[in-house]
1. Out of segment 278-316, which residues are under 30 Å from Phe66 (Cβ atoms) and polar (S, T, N, Q)?
2. If we scan segment 307-317, do we find a residue that is surrounded by fewer than 19 Cβ atoms within 10 Å (Cβ to Cβ), at negative phi, in a loop (DSSP other than H, G, I, E, B) and free of Cβ contacts under 8 Å to residues at least 60 places away in the same chain?
3. Take the conditions touching a helix residue (DSSP H, G or I) at 6+ places or on another chain (Cβ under 7 Å) and at pLDDT 90 or above and apply them to Phe283. Does it pass?
4. Run down Gln280, Gln255 and say which single residue is closer than 27 Å to Asp330 by Cβ, under 23 Å from the mean Cα position of the chain (by Cα) and surrounded by 11 or more Cβ atoms within 10 Å (Cβ to Cβ).
5. From Thr93, Thr82, grab the single residue that is touching a residue at least 40 places away in the same chain (Cβ under 8 Å) and of a type in the set (S, T, N, Q).
6. Do you know which residues across segment 335-366 are modelled with pLDDT of 95 or more and within 27 Å of Ala401 (Cβ to Cβ)?
7. Please go through segment 330-369 and pick out each residue that is closer than 15 Å to Val92 by Cβ and not polar (S, T, N, Q).
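The values are calculated or read from the model by the stated rules, or taken from the named source; none is laboratory data. The structure displayed is predicted, hence computed values, not measured ones. Quick reminder, even Gly has a Cβ in these numbers, built from the backbone with ideal geometry, and neighbours come from all protein chains shown.
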Amino acid sequence: MKKLFLGVSLLATSLFVFTGCKDTKRSSLKPGKTNGATGLSYGDKKNEGYEVSDFQGQPTGPNLVFIEGGRFTMGTVEEDITYNRDNLERTVTVASFYMDETEIANIDYLFYLYQIEKDSTREFYESALPDTTVWADYMSFNDQYVDHYLRYPGFRMYPVVGVSWVQANDYAAWRSKAVNQDLANKNSGGKKGVSLPFGKKKKGAEGLAETPVESGGRPAIESGFVLPNYRLPTEAEWDYAAKAMIGTQYIDENQSNQRIYPWDGASMRKDRGKNKGMMQANFKRGRGDYAGIAGKQNDENIITAEVYSFAPNDFGLYNMAGNVNEWVYDLYRPNSYQDFNDLNPIRRNDYQDEEKLYDSKNFNSLITNTERVYKGGAWNDVAYWLSPGTRRFLDQDSATASIGFRCAMISVGKPQ
């Protein structure tokens, strides 16, 4: 009887030790109050030492949507009618990230201009202004758009255009500082309404990166409420988010079909529901046909549409086809599909495909180290360019009436 009792006791003790060990497993969200490698206590606001802040996961930044990463087939699925052969299909994996659910609208960019006008030099402010003359055309009466498109209240929620790749990057950098300062104000008791110096500062204006939180500075990254930087998405991220293959999956990792557009099927029209027969994106149907006939306009927009127009794709992103093309981060090279890493691919510069290999000086090539990729198709493009795999390029300092942008952000750890 004693042996039986002793055996039961040992079993109970073993179970307790086993379950106790299981309960002490640490994670990024629950690291414990002591250091697992040393057993020493962490510090806190009352006691000195290495402080481990409370962390519930990366907050979702304003206007962002979480994009769960994974494997996908990157490249064009349309016939290569331009014979560029610059985007052949290949399998890559993209890590989870965040992306703006809409294109950056006029009102968003005007807010940015208002903020930097207060704290930056006149030179920097003027360098950030969109080129409204992109609407001007000697053979087309677009004067109303030149004068009104950016600032008239009726165009508030239309995508900003006339913005270069460089200007889009400046906006993303400013936005990172603005959002993180707002988070600092809300989480650390910082002074609200602090100005946001950015770019080339006016005399006496301090930069955010060098100043304390209460003066508009960025808090320590260990605090847990600092977001990573907003930026332009990579070409791979943009393709992945546009195709939204998450909506085609069935039974484990099988996918029922590839996607030509951000929706199922090869048709530009909805094939069911109350809007059956209506276009699913804002684009040019053919020569001279931007919207259909009066009283029966099909995509209902002769130029751009508001950023929440049309149904979102399966990731919840609006206008990933049509409306305006969008800048991505990548430098253009025709052979990127061969050079890319198959994990989080990007072409930052001319590494392994140098500019000198192309003869732009003698006008035998348009390829330089300032040509950036843009994607998605626009209000004045035919359907071919609405396929996520198609790609074009333009100088990073250039702007048109058909290119806008949206921002992305890395995902660190588990999302909230």
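1. Within segment 278-316, Gln280, Asn282, Asn301, Thr304, Ser309, Asn313 qualify.
2. First, the residues of segment 307-317 that are surrounded by fewer than 19 Cβ atoms within 10 Å (Cβ to Cβ): 308, 311-312, 314, 316.
So of that shortlist, the ones also at negative phi come out as 308, 311-312, 314.
From what is left, the residues that are in a loop (DSSP other than H, G, I, E, B) are 308, 311-312, 314.
Next, from what is left, pick out any that are free of Cβ contacts under 8 Å to residues at least 60 places away in the same chain: 311.
Looking through segment 307-317, at least one residue is surrounded by fewer than 19 Cβ atoms within 10 Å (Cβ to Cβ), at negative phi, in a loop (DSSP other than H, G, I, E, B) and free of Cβ contacts under 8 Å to residues at least 60 places away in the same chain.
3. Details: touching a helix residue (DSSP H, G or I) at 6+ places or on another chain (Cβ under 7 Å): yes; at pLDDT 90 or above: yes.
Answer is yes for this residue.
4. Numbers: Gln255 fails: under 23 Å from the mean Cα position of the chain (by Cα).
From the options Gln280, Gln255, the qualifying one is Gln280.
5. Details: Thr82 fails: touching a residue at least 40 places away in the same chain (Cβ under 8 Å).
Among Thr93, Thr82, only Thr93 is touching a residue at least 40 places away in the same chain (Cβ under 8 Å) and of a type in the set (S, T, N, Q).
6. Arg347
7. Asp330, Tyr337, Asp339, Phe340, Asp342, Leu343, Pro345, Ile346, Arg347
Condition check ((1) touching a residue at least 12 places away in the same chain (Cβ under 8 Å); (2) exposed (fewer than 14 other Cβ atoms within 10 Å of the Cβ); (3) within 29 Å of Gly61 (Cβ to Cβ); (4) of a type outside the set (Phe, Trp, Tyr)) across all residues:
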site: Asn323; (1), (2), (3), (4): yes, no, yes, yes
site: Asp330; (1), (2), (3), (4): yes, no, yes, yes
site: Glu355; (1), (2), (3), (4): yes, no, no, yes
site: Ser360; (1), (2), (3), (4): no, no, no, yes
site: Asn364; (1), (2), (3), (4): no, yes, no, yes
site: Arg372; (1), (2), (3), (4): yes, no, yes, yes
site: Asp381; (1), (2), (3), (4): yes, no, no, yes
site: Gly404; (1), (2), (3), (4): yes, no, yes, yes
site: Ile410; (1), (2), (3), (4): yes, no, yes, yes
